[in-house]
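Okay, so here's the structure we're looking at.
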Amino acid sequence: MLEMRNETPWAAGLFPGWNRQREFQLTAVFKAGFSFDLDGKVEALEATPDLIQADVHHGDPLTTSLREANEIAPFKQGGEVYLHGVAHPATPDQRITEVGLGIAFTDGNTFKKVLRVFGKRQWQRQMMNYTVAGPEPLEPTPLIYEYAFGGRNPNDPEDHYPQNPVGQGLNGKGWELFNDELPRIEQGPDFVTSPAHKPTPAGFGPLPVFWQPRRDEYGDTVAQEETSLACPWTDAAEPTLHNVAPADQRFAAPFVGGEVVHLAGFFPGLSLKQVVRFALPRLAPQLYTVIDGETEPLEPVCDTLVIDTEKRAFYLIWRVGVAWDLLDPRQAWVVLKDRTRDSDGLKGEDDEAAMPEDAVSGVGA
C-alpha cells in the first residue's frame with residue numbers, strides 16, 4: 001500500500017488515474033496557499049484549503065458555471081492560470097469598467113488579458129434595426145460565465161451555445177430575437193455588434209469538461225464496465241484534456257516561482273490605474289518515495305495558479321505521477337517536505353520582474 005506522508009502545511013494527497021500514455025498511476029498532488037495585500041506583500045497561509053476533488057458548480061451543472069474546478073487531475077499540459085473574482089467600479093456613477101490580469105514570466109515573456117464589464121444593456125428595436133439601450137449604472141459584477149456571451153434558445157432546449165450554454169446574449173439569425181439582454185462581460189476587439197453576433201465568451205474562470213473546446217479535447221470516451229480499470233478516454237484525446245483554463249490562459253511551461261502577477265479593476269477603492277502586483281514565491285518542495293527502505297526522488301511541476309481576488313489569496317498546485325500497482329502488498333510512502341525555509345525564507349516577494357508599469361495597459365476608461 002502506497003500512502004502519503006505530508007510534513008508540510010500544504011494540502012496533499014495521492015489519487016488514482018491514468019497518465020498521458022493511458023497507463024494507470026497514482027498522482028501525488030499538493031497545493032500551497034498564500035495571501036497577498038494591495039501593496040504586494042505575500043504571506044503563506046497557516047493552513048491551505050483541501051484539494052478540490054471534483055468540479056463544483058454554482059448550482060445545477062446544466063445551467064450554471066463552475067464555482068471550483070477539480071484540482072487532482074493526473075496531468076496537465078504546460079501551465080495555466082484561472083481566476084475567481086469580482087469587477088468593482090471605481091466610482092458610483094460608472095457604467096463601464098475593465099479588469100486586467102497580467103503575468104511577467106522569468107524568461108522575459110509576458111501575458112496580458114483585459115475584460116470589459118458593462119452595466120445592464122438591452123437590445124431595442126428601432127425602425128428596421130436594433131440599437132443598444134444602456135448601459136445602466138454598474139454594480140460590482142461577479143466574473144462568471146453567466147454574464148458572458150452564450151445561453152440557450154428558450155424555444156428549443158437543443159439549441160444552445162456550446163462554448164457557454166449558461167451565458168446571455170445568444171439569438172437566432174437575422175431578426176430572430178429571443179434574448180434581449182446583451183452580455184455584461186466581453187473581451188475586445190470582438191465586441192458584440194448585433195443580435196446575431198456570436199463572439200467567444202469572455203472570462204477568467206475554469207471551464208467545465210462538457211463545454212467546448214474542452215469537450216473536443218477529451219476526445220472519445222471508452223465504454224467500460226463499472227469495475228473496469230481501463231482508461232476512460234481514447235488515444236484521440238488531446239494532451240490538454242485536463243487543462244481547465246480558457247485557451248489564452250494556458251502556457252507552454254509550468255510555473256517556477258518569481259513570476260510577477262498584475263491585477264487591476266478587482267479591488268474596491270482602487271482606480272483602474274492602481275495596479276496590484278505580487279510575485280509568486282520560489283518554493284522548494286521535497287517529494288520522494290520510500291519503498292523497501294530505498295528512497296527515490298520525485299520531480300513535481302507547478303502547473304496551476306489559482307487566484308481569488310475577493311479573498312486576496314492564490315494557490316500553487318503541483319503534481320507528479322507515481323507508477324504503482326494497486327495489488328502491490330508492500331508498505332510504502334510518498335513523503336512531502338517543505339525545504340523553502342531552509343533556503344533563506346519565502347523567496348519571490350521581492351523580485352522585480354522585467355515588466356513595464358503598464359503591464360495591463362488598456363485597463364481603464
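Rule-based calculations on the coordinates, nothing more; no lab input. Note that the structure is predicted; figures quoted are calculated from it, not measured. Positions of Cβ are generated from backbone atoms using ideal geometry, with glycine treated the same way; all protein chains shown enter the neighbour counts.
Quick check: convex hull of the Cα atoms in region 184-339, volume per residue, rounded to a whole Å³?
Working: hull volume 31.2 nm³, N = 156.
Normalising the Cα hull of region 184-339 by residue number yields 200 Å³.
What order do you get for 102-114, 288-300, 141-153, 15-27 when each peptide is scored by the mean count of other beta carbon atoms within 10 Å, highest first? Show your work: numbers first, answer last.
Numbers: 102-114: 18.1, 288-300: 11.8, 141-153: 22.9, 15-27: 15.5.
Put in order of decreasing packing, that is 141-153, 102-114, 15-27, 288-300.
Suppose the chain between Asp107 and Glu23 were pulled fully straight at 0.36 nm per residue; how much longer would it get relative to their current alpha carbon spacing? Write out the running numbers ahead of the final one.
Working: separation 84, 0.36 × 84 = 30.24 nm, distance 3.33 nm.
Full-extension gain reported as 26.9 nm.
On average over all directions, what projected area in square nanometres does region 1-66 have, based on the convex hull of its Cα atoms? Don't skip to the end; give the middle numbers.
Details: hull surface 31.2 nm².
Dividing the Cα hull surface by four gives the mean projection, 7.8 nm².
Roughly how many nanometres apart are two label points built 7 Å out from the Cα toward the Cβ at Lys273 and Leu298?
Placing both labels 7 Å along Cα→Cβ, they lie 4.9 nm apart.
Between Asp216 and Leu45, what is the label-to-label distance in nm when each label sits 7 Å out along the Cα-to-Cβ direction?
The modelled label-to-label distance comes out at 3.5 nm.
Counting each pair of different Cα atoms once, what's the Kirkwood radius of region 1-146 in Å, rounded to one decimal?
Numbers: mean 1/r = 0.0508 Å⁻¹.
About 19.7 Å for region 1-146.
Kirkwood hydrodynamic radius (Cα pairs, Å) of the chain? Don't skip to the answer; put the middle values down first.
Working: mean 1/r = 0.0450 Å⁻¹.
For the chain, inverting the mean 1/r across all distinct Cα pairs yields 22.2 Å.
Over all directions, what mean area does the Cα convex hull of region 204-277 project, stated in square nanometres? Show your work: numbers first, answer last.
Details: hull surface 32.4 nm².
The directionally averaged projection comes out at 8.1 nm².
Beyond a 31 Å Cα-Cα separation, which of these cross-linked pairs lie in this structure: Lys273/Lys311; Lys273/Lys337; Lys76/Lys120; Lys76/Lys173; Lys113/Lys311? Mind showing how you got there, number by number?
Numbers: Lys273/Lys311 21 Å; Lys273/Lys337 40 Å; Lys76/Lys120 37 Å; Lys76/Lys173 38 Å; Lys113/Lys311 21 Å.
Long pairs (Cα-Cα over 31 Å): Lys273/Lys337; Lys76/Lys120; Lys76/Lys173.
In nm, what is the difference between 0.36 nm times the number of residues separating Asp93 and Asp308 and their Cα-Cα distance? Walk me through the numbers before you get to the answer.
Numbers: separation 215, 0.36 × 215 = 77.40 nm, distance 2.59 nm.
Extending this stretch completely gives an extra 74.8 nm.
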